[in-house]
């Protein structure tokens, strides 16, 4: 049927362009992977587990936030539908007490209304997440020249998304014999880079991965989870990757849900239109 | 094609209006009563699909422009604000960004269809050229739109393209400065790109009106390429026959569109564009969006100088040439037969052309020096300074050999070891496919018209469709030995 061939061409072209995307880094790098059980939030039915989001936020708050900002998020985002601290009793996220309490733990710069003097006040729900450094120079200065990237959309900005974050955090290994790691840098087989210049042996066998300025940030028991979950490195990595995936696109759940109704509606429309088409053309040879 | 208007105003108001400005008559003649060949297949539905794409892009774009901030400091954050805080902003933006890809997907299928059925040939040359004008404007619009989110690919893509124009002799630097609004890409560039990105879609809409006008003067081509001879026997009115057929195809297209928007919204983009633009940090691979990749491959395929013309300028000429050649297509194809259905050689060359375009797309996505496949195992190349002080390179298979050779060198020779892989480069793929691209237009199409012996064509559209279901005496007599497409048809002699 001609329709089938036109449709096949359409879908084939669409999948061609989806796979024609370029490869990433220069040197070899290990392919990122998620936890064994996979990600709950992936796939057409994926949803975020609120407990995992809350644990992930805690990891971010207590570990990552000392170097990485999330300037596109505000505290109120934490109380929106689908967010880590969403509470059905508080449909308006700005009245959510948990969100208010999280915000109030931060002090932000302001000025005295009467004198104009600079002062520090407690953050409110509408305040954006404060950055850990005053400016880029300060951030680089504290990290041996490297700039800790903002994490607001990190899962969309890296090939592999949440799996990349998980693999990077759990993937630190001691460098193989023959690999010289410069002071202040750490070897990670999941970090895109080039190990050849630092490799003593045959360059064809240089190990995969690269060097980054971030020391392995997690160790067992570093964060104490409120729900009693054992804080293994894998658990903390998976939770923080889940939190970052949510933060990168807070509306992803809504989007996937809406997709079902939209596509369902279109399928019904397609059926009705096809029936009309057959009926209208029934007496025409074509 | 369009004969006498059959519109008859019925009410007092429509009679009054028709005497002053016959706009309802125009719409009636163009989209209701318009005689359309009855044998159009689903490849002919992409015109309607493209009209829908344009409307979707303009409507979503106008809403996005209400929230977007064209400033290098705020653009990236304003796009993310749309995704997070604007009501259904994520939906509007994903429709717009994926809509660009859908628009190009449809336009490419529409163009391949026109190419296959000879829809550019007399009397539709101007119709085709107007289509090419639209396509060219689409590319400019899409390129500028991709710069607006101010991600890494936005910035560095803009930088590559504007620098290209700088390669044009005499006027290049001037054009580049006007386009960038200054000596470098910055706020001035972003603002003028935003302004033009808002303007050009309306220019496209204007040319689309001309395109439809030209279509309605000559009438549709059709898969047989045979002109309409008898309006009653060969055609059906556009409404309801093609409104329902196009409508069905549009809905199927929208389903595919929705799958991308709701489930794979970022798969057609590039992860680097979610990193805010940083002029000081160049991404490892700078690539345009997929729909411009074949032209990017042609641009980078030219690595050689010809006479006094340098490779960079030649690449730019080849890239623009690959688009401009489409404008000359009606005069490059010398065959009198419109539809390739009856041109066995042209059919195969066309298939090769489609493959070349897809292959060029892949070549554009890959680094030209990367290898498609390797010849044998990787070797080691030692570059060092030889006894005479010149640069020398020696290759080894074994690492131990390379090491012992290094030990024999004086320390001043500064030996450096690198992996040397030999294989088939993407560059060569781009050069071969690019050569075929141009050969198709400049050698194959002009030549085929002379040497090819076309198959017998049906005498009329009516004959071609009647032959499908049952043989009528008239059809057989008129088309003996019968249209080749209908295998079951037995010539009755």
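For this structure, a couple of remarks:
- Other protein chain Cβ atoms within 10 Å, averaged over every residue that makes up B:249-259: 6
- Alpha-carbon spread of segment A:158-286, three principal axes, descending order, Å: 80, 47, 18
- Calculated on C-alpha atoms, the gyration radius of segment B:20-63 divided by its Kirkwood radius gives an Rg/Rh of 1.12.
- Shielding of peptide B:74-82 by partners, expressed as the average count of other chain Cβ atoms within 10 Å per residue Cβ, is 2.
- Sorting the segments B:22-31, B:283-292 by their mean number of nearby beta carbons within 10 angstrom, highest to lowest, gives B:283-292, B:22-31.
- Estimated distance in nm for a label pair at residue B:325 and residue A:95, the labels positioned 7 Å out from Cα along Cα-to-Cβ: 6.8
- Using a simple spin-label model with pseudo-atoms 7 Å out from Cα toward Cβ, residue B:6 and residue B:391 lie 7.6 nm apart.
- Debye equation applied to the C-alpha atoms of segment A:168-236, log10 I(q)/I(0) at 0.16, 0.22, 0.23 Å⁻¹: -0.59, -0.88, -0.93
- All-pairs Cα distance distribution in segment B:1-89, expressed in whole percent, bin size 10 Å: 13, 24, 20, 19, 18, 6
- Debye-formula intensities of segment B:284-406, expressed as log10 I(q)/I(0) at q = 0.17 Å⁻¹, are -1.05 (one equal scatterer per alpha-carbon, no solvent).
- Alpha-carbon Debye profile of chain A, log10 I(q)/I(0) at 0.15 Å⁻¹: -1.23
- Of the three principal axes defined by the Cα atoms of segment A:201-258, the extents in descending order read 53, 33, 17 Å.
- Distance between the C-alpha centres of segment B:404-442 and segment A:181-231: 32 Å, rounded to the whole angstrom.
- Folded to 0 to 90 degrees: helix B:125-147 orientation relative to chain B principal axis, Cα: 40
- Label-point separation, residue A:81 to residue B:140 (7 Å along Cα→Cβ), nm: 4.3
- Along its three principal directions, the equivalent ellipsoid of segment B:246-353 from the Cα gyration tensor extends over semi-axes of 32, 30, 10 Å, largest first.
- √(5λ) per eigenvalue of the Cα gyration tensor, chain B, largest first, Å: 49, 33, 20
- Each semi-axis of the equivalent ellipsoid for segment B:69-182 is √(5λ) with λ an eigenvalue of the Cα gyration tensor; in descending order they amount to 31, 24, 9 Å.
- Share of Cα-Cα pairs in segment B:42-297 lying beyond 23 Å, as whole percent: 56
- Using alpha-carbon coordinates, inclination of helix A:50-62 to the longest axis of chain A, degrees: 30
- Once the Kirkwood radius over Cα pairs is known for segment B:373-423, the Stokes-Einstein relation at 25 °C and 0.890 mPa s delivers a diffusion coefficient of 214 µm²/s.
- Relative to the 2.2 N^0.38 Å rule of thumb, the protein assembly as shown has a C-alpha radius of gyration ratio of 1.13.
- Neighbouring Cβ atoms from other chains, within 10 Å of the Cβ of residues in B:267-273, number 5 on average.
- Residues residue A:180 and residue B:205, FRET efficiency given R0 of 56 Å [Cβ-Cβ distance, rounded to 0.05]: 0.35
- In chain B, the longest principal axis of the Cα atoms and the axis of helix B:311-332 are about 10 degrees apart.
- Residue-averaged [θ]222 nm for chain B, counting only DSSP H segments that reach four residues, each worth -39500 (n - 2.57): -19000 deg cm²/dmol
We did not get these values from a lab; they are worked out from the coordinates using the rules stated. Everything quoted here is computed from the prediction, not taken from an experiment. Because the Cβ atoms are built from the backbone with ideal geometry, glycine has one as well, and the counts that use them run over all protein chains shown.
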